[in-house]
Structures are given as structure tokens and as C-alpha cells.
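J.: I have a structure here, written as C-alpha cells, and I will follow up with some questions on it.
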Amino acid sequence: MLMVRVAVENTVYHFDKDFDYAVPASLAEKAVPGCRVQVPFGTANRVCQGMILSVHEAEGNAKIKFLQAVLDEAPLLSNEMLFLIPWLKERYYCTLFDAVRLLLPAGLTYRMQSIYALAVGVTKETVQTLPPEKQAAALPLLRQSSLEKGKLLRQAGLSPDSLVLDDLCRNGILQRTMDPVRRMGDASMKMVRLHEPLPDPLKLTPRQREVFHVLQDAGCASVKEVCYFTGVTPAVIKNMTAHGVCDEYEQETYRTPYLTGECTETGEQTPIHLSPEQETAYEHLLAAYRAGEATYSLLYGVTGSGKTSVYLCLIDQVLQDGRDVILMVPEISLTPQSVHIFQQRYGKKVAVFHSGLSVGERMDEWKRVKRGEATVVVGTRSAIFAPLAHIGLIIVDEEQESTYQSESSPRYHAKEVAWFRCRYHRALLLLASATPCVETYYAAQTGKIGLETLSQRYGEAQLPEVCICDMNEELRNGNASVLSWPLLTALRENLEQKRQSILLLNRRGYNTFASCQDCGHVMTCPNCSISLTYHAANNRLMCHYCGYSVPMTAECPECHGKHLRYTGAGTQKAEEQLQELLPRARILRLDADATMSRYAYEDKLRQFADGEYDLIVGTQMVAKGLDFENVTVVGVLSADQSLYNDDFRSTERTFDLLTQVVGRAGRGRFRGRAFLQTFTPENPVFALAASQNYPAFYQQELPLRKLMLYPPFADLCVVGFVGSNEQEVRGGSMVFLQQLRQLAKTEYRQLPLRVLNPSPAHILRAGGKYRYKLLLKCRNSRLFRQMISRLLVHFAGEKKFKHVTAFADMNPDTVL
DNA sequence: AGCACGCCGACT
DNA sequence: GTCGGCGTGCTC
Ligand SMILES: [Zn+2]
Ligand SMILES: [Zn+2]
């Protein structure tokens, strides 16, 4: 009998596998791997969708059910993708169908919809004998023969999660059928504007008044934006809507400007002149690519060394061979200008993927790639799954960016997926950066992957003058403001001379660390060497990796002075101070995260470039994308929050940021100046960033990683526990730990493993749920993943903890 | 997760 | 006697 293995949509990790189905003779031709199917599943034979993973011949047995329908004419997934599915499941602890969803553009997957109709023989009279609630639910079906679940419940005036319909089905009054429906609807954003006319009298709470003013200024804005600018929660806006002060509505996200920009069919291959250094790197990489085996290299090139030219030359060659290319870039640098470089050269062969695409646009691009019309894919994280058939080269630009790993399940790492694809296609994987992540540089140093270096800045662009501002000194001189004297002076000069400046605030830090005002010593955990966090509740300093804690005192353990202070909260409100200190400056508040629509963001940047603002104040992420002729002063208001964040990567991240800032100041005609403000100027990271010396930073950081057993010398696995009852969540984490210990000392004895005690997550409560976490220093091997997988499956089956969910995340960006 | 099967209390 | 409570176990 002809059988298929199917990844079924309605599974959960703890019982997910490929399920066998028999193929009825009528579908024998159509049932091909890579096609979606409709199958009965579970005791109730609920109809759901699945994906055929493989076809085989086998004996049937009583348990086997039959495929109901094949939903695609031709397979949507290639062989490579079909291999990738179980690989994703094994590495990232997701279900097979979760993996399928990653590979298909949203909008292509169907949603199964429940359609209700009156059962045969049920009449008006039967309905009228029913109790009121049931009657209400059945009445609309006397007028319309069938209705979708949501619509029916709405018409009946019942809540969307009402169970009445199921009851009616059981009583034989209603009949339910499942229908596959295309997930429709484009990416849209919730918008809000003031209601016309406004209610009279207009009564507003202080928070509402803030929202009101923002809306008066802006006319309309996305709910997210309003929340961001005013700091209120969406509930406030909802409340105002309920009182008729404003209206909420959906708006389709703006079509991205650079996708509609015209470009020639084939593009123009203007010749590129490489410097000797670039030429060498290019030749080496080309040779590695030509060798015909999968290869993995790092292109380490200082800021402004012209990595893009090397990319373009390589891409030219790969395309000439008839093979395809993926270029991954961080969201922030996927600007119209950067995309234009590629569109100009490769014309319509370029497909662009990023998070701002509407469902329809994403689908169009996906189809163009699938049909082979686009062979160069430029995009963010999800571009790694582009359905290219003959990959020759994958480039990961700014490879240290943490956005290459997904922060929602499946928590895949795009760089790992890239390596999977390069192995499959015997292609070249090229990671590139001016500040590679320590793990990557280590792999290059130890010869695990190739290394090419570009050490010269292109043209005559010169490094800016860097001023490291000692904020302790400022305090002693009576300056308690957010701007040090040198920075303030520079900003005023710039205003005077009509030049522009950029200031970076820290993203609101979550931790309040303790430092000595006399010697600058920062309190760290003796076990983990990360900064300790001050907890007001018990007046202690705590380590959120291992739970170590000490009482907070005023005495510094280093210099025994009495001025140990905790900082963090209270250093906000920097923006207000800025406006006071520079009353005449036209300040542009900018944020690169999802709070602002892409359109608004590009628009604002253009206004800045046109000189409509004097100063950008942004969070740190903004730093990367900015490149303006007229900007000659760049300042980081406080590098300390980032530097002493309680995370083992905090030094690396801060070095990355500061290096970018310094590397970008003054790229135009005038020499730039960079100001780095800190309470601990003696920290070597500042001098290293000022001189753009990544190798020296690496030499300093690596021994610390080794000593403390952090990547690249160990992998860090976080097991998270979430639930609404704190006791249960805590208990769950303890039981999980016990079972882990048991397995680790018996069956998995050979695994290197160090377990840190379970502890409350950094933000214990989020969204009404309590969260705990367990940290494991391990080696991310197949065997280790098998152990974790078994534990997760077993935990999901524990009746005692059925309200607690556990998940695992390997080397996450932040440790909860 | 969802859903059926199954075994006990309070209703006609 | 039975309707319906939710404990238990399975998903090709
Ligand atoms: Zn001290
Ligand atoms: Zn610790």
C-alpha cells in the first residue's frame, strides 16, 4: 500500500512526530513530498493540514487513516527543505509543522475553519424548544444555511470561546465541517486618531491627556508609537476609545518605497576596482568557493574598508556560474540606498525580504524566487529560508548582530541554518563584520573557518578624535547633568556652525548595577563575573545567572571607600534635560525598533539629511544605520548601562556599539569628534574602541570567556518555565532540575555539563505570567539535545505541572 | 492542545 | 434512573 509520512499541524512538541497515512488510489499521483495535504487527526478525526515529508510502500494496519485531499498541484518544498524540517526540529525543539511554517511564506499556509450548519432534519420548531443560549446560537442558521464559527457566535451575541456550538453538535442539532481557508489579510497596524467631534465636556486623566496631546500633534499614529512616546499602555488608549475620545482602526502597513523603485531588467555591471587588500581577500574567497566543497569563512574588515565591493565581485562570479546568492543584513541597514546598490547591479534578479513586507508582498517575492526569476535574495533573518534551488554563496553581513537569531519559537539561528544550506549545496558561507562576535573570531583563529582581513580604511576618511568623558570628574566639578562639559560645548559649537550631531541614549537598562564612585569598581558575581543587580526588596545585590547574592553596603571592597552606589533607574529623563541644555536645538527623537513604522522612520531620516533637525537622539540600535555628511559630533550619553549589563556579552556588545559610533563619526569633509561618557573611563573597552582595535579587544576578552566557561568554550542553554502560578513554576523548575541531574549522572554521563541553580527570570512577571529559568553550561551536541528533548517531553507529560510550560533556548541573545 | 472515554454526585 | 462534572490517556 502507498503510504506517506506527514508533518501534522495540530501537534505539540511532546507528541510530535511524522505520522503515517495511507494514500487512496485516487490521490496516488498527486501525493508527492513537499505538497500540503488535508488529514484526519486525533480521536475525533479533526481535519487539519499537513505536509508530506516522504512517500513509501508499506503494509497497512488498522490504525492507519487515509489522506483526505492534496492541497497543492506541485510540491512547494524542495528536497533540501524536506531535509531541513527534521533538522530544525532536532536543533530548536519545535514541531515538524512549526518548521514547515518557517519555510513557507505566511499567507500560503491554510487555516482550518469550522463551518456550522443545521443538521439534517432539524427544523424551526426543534430550534424553538432549545434553552435560550442554544437557541440564540442556532437561530442565525435558520436564515443562512452555513456560517463560520466566529461569525455565528458574533451574530448570536456569544463570546468567541463559547462551547455551546460543540454541545449543539453533540446533541445532533448542528453539523460541523472543516474548510481550508487562505490566511488572508495584509500586514496591518493598529492606528489611532482623535474622534470627531470630541465629547463635551472632555474629561481626561493625566495619562490620557498625554496621549491626547500626542494625537493632536500627529493627527494619527500607530498605537505602538503612541505608547512609545507617552509611556502608557495600550489599555489607556483602549479606554479612551471606549469613552469616545479617539478611534482605533486598522491600516495596512505602508508599501516599502524601495521595492517599488524602478530598476532595469538585468542591471548594469559597472566594473569595480579593488584595492590590493580587497583583491587578495576576493581571490582567496573565490578559490575557496571554486574548490567545490562547502566552506566557511570570516571576512574581518574594519569600518569603511569596503566589504561591499568584495561582496559584489563574489556575487558576480557566483551568478555567472548560474548559482544563487543570499545576502543577509540586519534590519537596520536594509535601507533604500543599500538595496539600491544591488538592484542597480542585478536588476530584477534581486528579491528583498524583510519584516515590513505585507503578506501579499512577501508571497510575491517568495514566488519569484521559487520560479527562479530572482536569484539574489537580500533580506533579514527570514531570508535564509528563501526557496533558492542552487545556492552558491551566502553572505552574513554584520554577523555579530543578535537579530540573526529568532527570539520567538522556533528559536532558530540563521547562521546555523545558513551553514546547513551551504553544506547541502556545497556553497561558500561568508560571515563579515568589523567587530565579529568572539565565537566567530575564535573559530577563525583556530583554523576552524577561513579568515580574510581588510585592515585599511578606504579613501582618506580619517578616524575621529575620541574624547572619553569621565562623569565622576564632572560630578566633582558640580555638573550633575546628562551632558559632560566637553560634549555640551561641542554640541553648542555644532549648533552655531549649523552642523549636525547624533546622541545615543541607552535603551532602558533592566538592571541597576552597583559601582564605587571613588575607584570605579563595579560589583560582579564571583562565579559568573557578570554585574550584580540591586534588588530593593531585600537590599541585596544579586547575580541573575546563578542566584549568588550579597547585602548591599556602602563600602567598596576594592578601595574600602564609603561611596558604593547603585545606578540605573533615575538616570532617565535625559531627553528633557537635553532640551533644557540646548533650548534652540531642533531635536529628532528616533527609534529603530518596531515602534515606528518603517515609512515614518525613513521619512524622518530624510528630513534630518535635509537639515530640518540639528540633533538626533536615539537608542543605541540607531547607531548602525546612520551615515550623514554633515554630522561631526557623535556622543554616547552613558556607555555604562550597556557595559555593566548583567550578561556575559555586555562587554562585547558595548565594544561593538562604541566601535561603530567612532567609525561613523565624521565621514564627510570635516573631521568628526566622538564623545563617550562613562563613570569608569579606565575600562579598557573605551580606549580599544577609540582606536578601532578589535584584535586587541578579542585578546582581552577571550581569556575571560575561558576562565568563566562562556562561549566559545561552552554553550549556554537556557531552560525557561512559564506559568501563572509562581509556586508551580518554581516547583516545575526544581523537578526539571532533579530529572536533569538524574539523567546527567547516568545515561548521559559523558556529557560535559555544569548546572546553575534555577532562579526567577530577570523580569519575573511578564504578561501576568511568572517565569523561571535554569542555566546550563554545556556542549551543544546531538546527545545533549537528545537529553533536553527527552526532558522537555517528559515534563510536558507531568500532570502536576500541566499549567507550566518549559522550553529550551540555546545560546540566547539575553538570558530571560 | 483537544477530544473521547469513563466513573461518581445531584437533579427529574 | 440520567445529565454532566472533570480525571486520564491518546493522537498514524
Ligand atoms: Zn572603590
Ligand atoms: Zn553568578
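J.: Among A:22, A:7, which is outside the structural domain of residue A:794 (by TED's automatic domain parsing), within 28 Å of the chain's Cα centre (by Cα), among the hydrophobic types (A, V, I, L, M, F, W, C) and open to solvent by less than 10 Å² (accessible area, probe 1.4 Å)?
T.: Working: A:22 fails: within 28 Å of the chain's Cα centre (by Cα).
Step by step, each of A:22, A:7 is checked, and only A:7 is outside the structural domain of residue A:794 (by TED's automatic domain parsing), within 28 Å of the chain's Cα centre (by Cα), among the hydrophobic types (A, V, I, L, M, F, W, C) and open to solvent by less than 10 Å² (accessible area, probe 1.4 Å).
J.: Name the pairs whose Cβ atoms lie under 8 Å apart, with the first residue in the stretch A:12-36 and within 22 Å of residue A:61 (Cα to Cα), the second of a type in the set (D, E, K, R) and surrounded by fewer than 18 Cβ atoms within 10 Å (Cβ to Cβ), and 6 or more positions between them or separate chains?
T.: Going by the 8 Å Cβ cut-off, the qualifying pairs are A:21/A:65; A:22/A:65.
J.: Could you check how many residues of the stretch A:527-539 are open to solvent by less than 50 Å² (accessible area, probe 1.4 Å) and either modelled with pLDDT of 90 or more or within 26 Å of the chain's Cα centre (by Cα) (or both)? If you could, list the steps in order and put the result at the bottom.
T.: To start, the set of residues in the stretch A:527-539 that are open to solvent by less than 50 Å² (accessible area, probe 1.4 Å) comprises A:528, A:530-534.
With the extra rule that they be either modelled with pLDDT of 90 or more or within 26 Å of the chain's Cα centre (by Cα) (or both), the set shrinks to A:528, A:530-533.
Going through the stretch A:527-539 one residue at a time, the tally reaches 5.
J.: Mind counting the residues in the stretch A:155-170 that are farther than 9 Å from residue A:137 by Cα and either at pLDDT below 75 or of a type outside the set (A, V, I, L, M, F, W, C) (or both)?
T.: So the count comes out to 8.
J.: Considering every residue within the stretch A:487-500, establish whether at least one is open to solvent by less than 20 Å² (accessible area, probe 1.4 Å), among the small types (Gly, Ala, Ser), over 35 Å from the mean Cα position of the chain (by Cα) and farther than 26 Å from residue A:711 by Cα.
T.: Among the residues of the stretch A:487-500, at least one is open to solvent by less than 20 Å² (accessible area, probe 1.4 Å), among the small types (Gly, Ala, Ser), over 35 Å from the mean Cα position of the chain (by Cα) and farther than 26 Å from residue A:711 by Cα, which makes the answer yes.
J.: What are the residue pairs meeting all of these: first residue in the stretch A:484-498, first residue at negative phi, second residue surrounded by fewer than 18 Cβ atoms within 10 Å (Cβ to Cβ) and small (Gly, Ala, Ser), Cβ atoms under 9 Å, and 6 or more apart or on different chains?
T.: A:488/A:481
J.: Right, another one. Please determine, by comparing only the residues of the stretch A:692-732 that are polar (S, T, N, Q) and in contact (Cβ under 8 Å) with a residue 40 or more places away in the chain, which one is least open to solvent (accessible area, probe 1.4 Å). Before the answer, list the steps.
T.: As a first pass, look at the stretch A:692-732 and keep what is polar (S, T, N, Q): A:692-693, A:699-700, A:724-725, A:727.
Next cut, in contact (Cβ under 8 Å) with a residue 40 or more places away in the chain only: A:692, A:724-725.
Numbers: A:692: 25, A:724: 76, A:725: 66 Å².
The extreme case among them is A:692.
J.: Next up: Out of contact with any strand residue (DSSP E or B) (no Cβ under 9 Å at 6 or more places or on another chain), of a type in the set (A, V, I, L, M) and not assigned by TED's automatic domain parsing to the domain that holds residue A:434, is that true of residue A:688?
T.: Values: out of contact with any strand residue (DSSP E or B) (no Cβ under 9 Å at 6 or more places or on another chain): yes; of a type in the set (A, V, I, L, M): yes; not assigned by TED's automatic domain parsing to the domain that holds residue A:434: yes.
Taking the combined requirement at face value, the residue satisfies it.
J.: If you go through the stretch A:372-412 one residue at a time, how many are under 16 Å from the mean Cα position of the chain (by Cα) and open to solvent by less than 20 Å² (accessible area, probe 1.4 Å)?
T.: Number satisfying all stated conditions: 11.
J.: Can residue A:524 be described as open to solvent by 50 Å² or more (accessible area, probe 1.4 Å), within 16 Å of ligand 2 (Cβ to nearest atom), over 15 Å from residue A:678 (Cβ atoms) and of a type in the set (Val, Ile, Thr)? Please lay out each step first, then the result.
T.: Numbers: open to solvent by 50 Å² or more (accessible area, probe 1.4 Å): yes; within 16 Å of ligand 2 (Cβ to nearest atom): yes; over 15 Å from residue A:678 (Cβ atoms): yes; of a type in the set (Val, Ile, Thr): yes.
It is true that residue A:524 is open to solvent by 50 Å² or more (accessible area, probe 1.4 Å), within 16 Å of ligand 2 (Cβ to nearest atom), over 15 Å from residue A:678 (Cβ atoms) and of a type in the set (Val, Ile, Thr).
J.: Additional query: Do we find that residue A:29 is open to solvent by 40 Å² or more (accessible area, probe 1.4 Å), modelled with pLDDT of 85 or more and acidic (Asp, Glu) in this structure? Even if it seems obvious, please write down each step before you answer.
T.: Working: open to solvent by 40 Å² or more (accessible area, probe 1.4 Å): yes; modelled with pLDDT of 85 or more: yes; acidic (Asp, Glu): yes.
Judged against the criteria, residue A:29 is a match.
J.: Given the conditions (1) open to solvent by 10 Å² or more (accessible area, probe 1.4 Å); (2) touching an Asp or Glu at 6+ places or on another chain (Cβ under 9 Å); (3) at pLDDT below 80, which single one is not true for residue A:144?
T.: Of the numbered conditions (1) open to solvent by 10 Å² or more (accessible area, probe 1.4 Å); (2) touching an Asp or Glu at 6+ places or on another chain (Cβ under 9 Å); (3) at pLDDT below 80, the odd one out for residue A:144 is (2).
J.: Report yes if some residue within the stretch A:4-25 is part of a helix (DSSP H, G or I) and over 23 Å from residue A:103 (Cβ atoms); otherwise report no. Quick ask: steps written out before the conclusion?
T.: If we filter the stretch A:4-25 for residues that are part of a helix (DSSP H, G or I), which is where we start, we get A:13-15, A:25.
Filter again for over 23 Å from residue A:103 (Cβ atoms), leaving A:25.
Yes, because at least one residue in the stretch A:4-25 is part of a helix (DSSP H, G or I) and over 23 Å from residue A:103 (Cβ atoms).
J.: Let me ask you something else. Restricting to the stretch A:37-70, name every residue that is within 15 Å of DNA strand B (Cβ to nearest atom), in a loop (DSSP other than H, G, I, E, B) and touching a residue at least 12 places away in the same chain (Cβ under 8 Å).
T.: Just the residues of the stretch A:37-70 that are within 15 Å of DNA strand B (Cβ to nearest atom), to begin with: A:39-50, A:63, A:65.
Right, trim to in a loop (DSSP other than H, G, I, E, B) and you get A:42-45, A:63.
Within the stretch A:37-70, A:42, A:45 meet the criteria.
J.: Right, something else. Could you grab me the full set of residues in the stretch A:541-563 that are open to solvent by 70 Å² or more (accessible area, probe 1.4 Å) and under 24 Å from residue A:754 (Cβ atoms)?
T.: Scanning the stretch A:541-563 gives a single hit, A:548.
J.: Which condition does residue A:41 not pass, out of (1) closer than 28 Å to residue A:421 by Cα; (2) surrounded by 17 or more Cβ atoms within 10 Å (Cβ to Cβ); (3) touching a Cys at 6+ places or on another chain (Cβ under 6 Å), if it passes all the others?
T.: Of (1) closer than 28 Å to residue A:421 by Cα; (2) surrounded by 17 or more Cβ atoms within 10 Å (Cβ to Cβ); (3) touching a Cys at 6+ places or on another chain (Cβ under 6 Å), only one is false for residue A:41: (1).
The values are calculated or read from the model by the stated rules, or taken from the named source; none is laboratory data. Since this is a predicted model, take the numbers as computed values, not measurements. When we count neighbours, we look across all protein chains shown, and the Cβ atoms used for this are built from the backbone with ideal geometry, even at glycine. In case anyone asks, the SASA skips ligands and DNA or RNA and just uses the protein heavy atoms, side chains included. Shrake-Rupley method; radii C 1.70, N 1.55, O 1.52, S 1.80 Å.
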